[in-house]
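Below is one structure, written out as structure tokens; comments come after it.
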Amino acid sequence: MSNAEWSLLVLDVDGVLTDGTILFDDTGGQSRRFHIQDGLGIRMWRALGRKVGILTSKQSGAVTARARQLEIDFLEQGAEEVYACCTHGVLSGNAVERITSSNLKELIITDTLPVSDGKKHEKITVLSVAPILGEAIHRIHSGLSVGAMFQ
């Protein structure tokens, strides 16, 4: 899939659009500190005619206001379950500890990098890339389209 085919970008808020800092005023009200460069990136993405969504587990007036300001297409607050996925699960430093202590229901990664026994956890699912690599090799040797696998 080329970048030109991407039409929707979905982001979390804490640690993605913010540095994770929550500010409290003297009445106990909460606020978040948003980074201006994220807003610029979102505006550039939208200028390409693409949509942006925010999915987060907490309700926040600050998030609602920032989403309105950035003209976010989809805003869903109060998600009950959070799943994440990535291709190369580096899992460096205290990543596993942070994942296991988070409200993340499941992290799905591939086996493109080895996952040692000390990094395995019930919240982390490792999928093998062997079937798709095998199919790609078969197609190359048979003169078939590899691109057709992704349509």
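The values are calculated or read from the model by the stated rules, or taken from the named source; none is laboratory data. What you see is a predicted model, and the numbers here were worked out from it, not measured in a lab. Glycine gets a Cβ as well: all are built from the backbone with ideal geometry, and neighbour counts include every protein chain shown.
Scan segment 70-78 and tell me whether some residue there is within 26 Å of residue 44 (Cα to Cα), surrounded by 15 or more Cβ atoms within 10 Å (Cβ to Cβ), assigned by TED's automatic domain parsing to the domain that holds residue 38 and more than 20 Å from the chain's Cα centre (by Cα).
no
Within segment 120-128, can one find any residue that is exposed (fewer than 14 other Cβ atoms within 10 Å of the Cβ), at pLDDT below 90 and either touching a strand residue (DSSP E or B) at 6+ places or on another chain (Cβ under 9 Å) or part of a loop (DSSP other than H, G, I, E, B) (or both)?
no
Just checking, how many residues over segment 92-124 are among the polar types (S, T, N, Q) and touching a Cys at 6+ places or on another chain (Cβ under 7 Å)?
Filtering segment 92-124 for residues among the polar types (S, T, N, Q) gives 92, 94, 100-103, 110, 112, 116.
If we keep only those that are touching a Cys at 6+ places or on another chain (Cβ under 7 Å) as well, we get none.
Of the residues in that region, 0 qualify.
Filter segment 11-31 down to the residues that are modelled with pLDDT of 75 or more, surrounded by 12 or more Cβ atoms within 10 Å (Cβ to Cβ) and either assigned to a strand (DSSP E or B) or charged (D, E, K, R) (or both) and list them by number.
Result: 11, 12, 22, 30, 31.
Does segment 46-68 hold any residues that are surrounded by fewer than 16 Cβ atoms within 10 Å (Cβ to Cβ) and either touching a Cys at 6+ places or on another chain (Cβ under 7 Å) or among the hydrophobic types (A, V, I, L, M, F, W, C) (or both), and which are they?
Scanning segment 46-68 gives 47, 48, 55, 65.
Looking only at segment 32-74, count every residue that is more than 14 Å from residue 12 (Cβ to Cβ), part of a helix (DSSP H, G or I) and not hydrophobic (A, V, I, L, M, F, W, C) and tell me the total.
Number of matching residues: 9.
So which of 132, 140 ends up being farther than 26 Å from residue 54 by Cβ, more than 16 Å from the chain's Cα centre (by Cα) and at pLDDT 95 or above?
Working: 132 fails: at pLDDT 95 or above.
Sole residue among the options that is farther than 26 Å from residue 54 by Cβ, more than 16 Å from the chain's Cα centre (by Cα) and at pLDDT 95 or above: 140.
Only one of these is among the small types (Gly, Ala, Ser), in contact (Cβ under 8 Å) with a residue 12 or more places away in the chain, out of contact with any helix residue (DSSP H, G or I) (no Cβ under 8 Å at 6 or more places or on another chain) and at negative phi: 79, 65. Name it.
79
Go through segment 105-119 and give me each residue that's surrounded by 11 or more Cβ atoms within 10 Å (Cβ to Cβ), outside any loop (DSSP other than H, G, I, E, B) and out of contact with any helix residue (DSSP H, G or I) (no Cβ under 7 Å at 6 or more places or on another chain).
Hits for segment 105-119 are 105, 106, 108, 109, 110, 111.
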